[in-house]
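A.B. asks: There's a structure below that I have some questions on.
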Amino acid sequence: MAAKKYSVGGVTYDRPFKIRRLNHFGISVADTGDAVAFYRDLLGFVVADMLDLNKYDPGPWLDGLSDTRIYFLRHNSDHHTLVLMPRAWVDKNESPARDDITVNQITWQVGSLREVVEARLWLEEQGSKVDRYGRDPGSNWHTYFPDPTGHTNELEYGIEQVGWDGVSKPEIMWPWANEHPALPTRSEGTELDDAEKAGIDLTSGHRWVDTLPKTHDVGGVLLSRPFKPVRIGPVSIFVSDLDAAVRFYTETLGLVVSEETSVLGHRAVFLRANTEHHSIALFPVEAREPLGLGDETTLLAFGVQVGSYEQLRAARTFLEGRGVKLVDLPPEIHPGIDYVLHAVSPDGHVMQLYYYMEQVGWDGAVRPQSGRRVVEAGVWPETLEPMSDTYGGETFWGPLG
């Protein structure tokens, strides 16, 4: 009997949704205030909104926290591309499957609200656990569910866009919902019209102002640091069952395996959602200690792409000059990426800064190893010869700052 097919915008797939890209990512930290200073002031993410849990969920789980806020950060016009949550509050609400899971969400963007809703129904039919669904700050409709190793994934559609004025939606318009709407539903444009008719000041939302001196020339624009984050991902995680994780991300989510490598004798698998070489990388948890990484988190690294190789070189000097710890990790953990910085945040998470990601074409073939750039450890040439896909892939929209 032929497997059932589903129409996704008039194209048939094995599941009723198609992931378009990695949209955002969340981590749990002991001190969100300490962490946000790193991601905001040093890496250049912008605070789109803050949610104070003393207002929305007060209780003993907040005792002892110096900062009780959730921070929604962005690098582009998406309301958030990185979320910082207090670990104590996450543990109270979601009780991670492992004590070392500090990844609180890996969020994938699909193309429509219908895909989000039908994905939830399909997941339930498949026997997958669905943790919650609805809508939160950022306005994106979503469905949350775990992978077999305890890492929470989210499918989302319609994340709020922050415009030229840098103002997010007013807090009174945060669309709290613990259910999906009947389809079709009203558009966001209609929601905004109704809010304005109700007397809500649409310009009263949060706007963060970067007060740091803007002295660095970044492509002809003066910014507070000598680089600009232009893309996020990949997410690299350690998993307790590599085979089960690969089956989940391919068979359930529909991602495609780009490549496998051996990292210090351990198998690693790299999967993509679009034309990028990989959006997520899976490593067995047994590889964590040989790599010299601590056992406090299953996150190996979170990728932050900057605008150019020139910016990446400048980022190295900038971060080292501000006391940020940089660690050397083997190139086998990032095939498809050549020059990389691995910067350790105050919360112990590794940020993978890079400027180039190999792009996979219509035939689905990745570049052979013989065709990739040879990188000599510790050597940073002033300039590079271009590859065929240098500066390829998703383009950063809008001004640099």
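The values are calculated or read from the model by the stated rules, or taken from the named source; none is laboratory data. Predicted model only: the values in this text are computed from it and were never measured. Every residue, glycine among them, receives a Cβ derived from its backbone with ideal geometry; neighbour counts consider all protein chains shown.
A.B. asks: Just to be sure, is L282 modelled with pLDDT of 95 or more, in contact with a helix residue (DSSP H, G or I) (Cβ under 8 Å, 6 or more places away or on another chain), part of a loop (DSSP other than H, G, I, E, B) and not charged (D, E, K, R)? Working first, answer last.
C.D. replies: Values: modelled with pLDDT of 95 or more: yes; in contact with a helix residue (DSSP H, G or I) (Cβ under 8 Å, 6 or more places away or on another chain): yes; part of a loop (DSSP other than H, G, I, E, B): no; not charged (D, E, K, R): yes.
Criteria not met by L282.
A.B. asks: Could you list all residues from the stretch 190-208 that are exposed (fewer than 12 other Cβ atoms within 10 Å of the Cβ) and touching a residue at least 12 places away in the same chain (Cβ under 8 Å)?
C.D. replies: Matches in the stretch 190-208: D201, T203.
A.B. asks: Return the residues of the stretch 218-235 that are within 30 Å of T102 (Cβ to Cβ) and part of a loop (DSSP other than H, G, I, E, B); say none if nothing qualifies.
C.D. replies: Those that are within 30 Å of T102 (Cβ to Cβ) and part of a loop (DSSP other than H, G, I, E, B): S224, R225, P226, F227, K228.
A.B. asks: Count, please, the residues in the stretch 21-41 that happen to be farther than 16 Å from T81 by Cβ and surrounded by 21 or more Cβ atoms within 10 Å (Cβ to Cβ).
C.D. replies: Residues of the stretch 21-41 farther than 16 Å from T81 by Cβ: 28-34, 37, 41.
With surrounded by 21 or more Cβ atoms within 10 Å (Cβ to Cβ) added as a condition, the list becomes 28-29, 32.
Residues meeting the conditions: 3.
A.B. asks: Can you work out which of the residues in the stretch 83-103 that are modelled with pLDDT of 95 or more and either of a type in the set (V, I, T) or crowded, with 23+ Cβ neighbours inside 10 Å (or both) is nearest to G64 (Cα to Cα)?
C.D. replies: Checking each candidate, the answer is P86.
A.B. asks: While we're on this one: Among the candidates V306, V350, V340, V327, which residue alone is more than 17 Å from the chain's Cα centre (by Cα) and either crowded, with 19+ Cβ neighbours inside 10 Å or closer than 21 Å to P386 by Cα (or both)?
C.D. replies: Criteria check complete, one pass: V340.
A.B. asks: Can you tell which of V130, V162 is in contact with a Ser or Thr (Cβ under 9 Å, 6 or more places away or on another chain), crowded, with 20+ Cβ neighbours inside 10 Å and β-branched (V, I, T)?
C.D. replies: Unique residue meeting the criteria: V162.
Residue-by-condition table, conditions (1) at pLDDT 95 or above; (2) touching a strand residue (DSSP E or B) at 6+ places or on another chain (Cβ under 9 Å); (3) aliphatic (A, V, I, L, M):
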{"site": "A301", "(1), (2), (3)": "yes, yes, yes"}
{"site": "R313", "(1), (2), (3)": "yes, no, no"}
{"site": "P331", "(1), (2), (3)": "yes, yes, no"}
{"site": "A343", "(1), (2), (3)": "yes, yes, yes"}
{"site": "G378", "(1), (2), (3)": "no, no, no"}
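A.B. asks: Quick check on my filter: what residues within the stretch 267-299 are in contact with a strand residue (DSSP E or B) (Cβ under 9 Å, 6 or more places away or on another chain) and among the small types (G, A, S)?
C.D. replies: A268, A273, S279, A281, A287
A.B. asks: If you check M357 against the conditions, is it within 18 Å of the chain's Cα centre (by Cα) and either at pLDDT below 95 or within 17 Å of G392 (Cα to Cα) (or both)?
C.D. replies: The answer is yes for M357.
A.B. asks: Is there any pair linking a residue in the stretch 251-274 that is outside any strand (DSSP E or B) to one that is of a type in the set (F, W, Y) and modelled with pLDDT of 95 or more, with Cβ under 8 Å and at least six apart or on different chains, and which?
C.D. replies: Hits for this filter: L253/W108; G254/Y13; G254/F17; L255/Y249; A273/W108.
A.B. asks: Go through the stretch 179-217 and give me each residue that's closer than 17 Å to W141 by Cα and either of a type in the set (V, I, T) or not in a loop (DSSP other than H, G, I, E, B) (or both). It would help to see each step written out before you state the result.
C.D. replies: Initial filter on the stretch 179-217 (closer than 17 Å to W141 by Cα): 179-192.
Result: T185, E188, G189, T190, E191, L192.
Listed here are the residues, each with its yes/no results for (1) farther than 30 Å from S112 by Cβ; (2) acidic (D, E); (3) without any contact (Cβ under 8 Å) to a residue 60 or more places away in the chain.
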site: T32; (1), (2), (3): yes, no, yes
site: P58; (1), (2), (3): yes, no, yes
site: L73; (1), (2), (3): no, no, yes
site: L82; (1), (2), (3): no, no, no
site: A97; (1), (2), (3): yes, no, yes
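A.B. asks: Scan the stretch 149-158 and tell me whether some residue there is free of Cβ contacts under 8 Å to residues at least 40 places away in the same chain and under 30 Å from A244 (Cα atoms).
C.D. replies: Residues of the stretch 149-158 that are free of Cβ contacts under 8 Å to residues at least 40 places away in the same chain, as a first pass: none.
Taking every residue of the stretch 149-158 in turn, none turns out to be free of Cβ contacts under 8 Å to residues at least 40 places away in the same chain and under 30 Å from A244 (Cα atoms).
A.B. asks: Just wondering, is there one or more residues in the stretch 67-77 that are of a type in the set (D, E), touching a Pro at 6+ places or on another chain (Cβ under 8 Å), farther than 22 Å from V36 by Cβ and buried (at least 18 other Cβ atoms within 10 Å of the Cβ)?
C.D. replies: no
A.B. asks: Condition first: of a type in the set (V, I, T) and in contact with a Gly (Cβ under 8 Å, 6 or more places away or on another chain). Now tell me which residues in the stretch 273-297 satisfy that. Let's see the steps before the verdict.
C.D. replies: First, the residues of the stretch 273-297 that are of a type in the set (V, I, T): 275, 280, 285, 297.
T275, I280, T297 - these are the residues of the stretch 273-297 that are of a type in the set (V, I, T) and in contact with a Gly (Cβ under 8 Å, 6 or more places away or on another chain).
A.B. asks: I would also like to ask the following. Hey, among the residues in the stretch 136-159 that are among the small types (G, A, S) and within 16 Å of the chain's Cα centre (by Cα), which one's surrounded by the fewest Cβ atoms within 10 Å (Cβ to Cβ)?
C.D. replies: The selected residue is G158.
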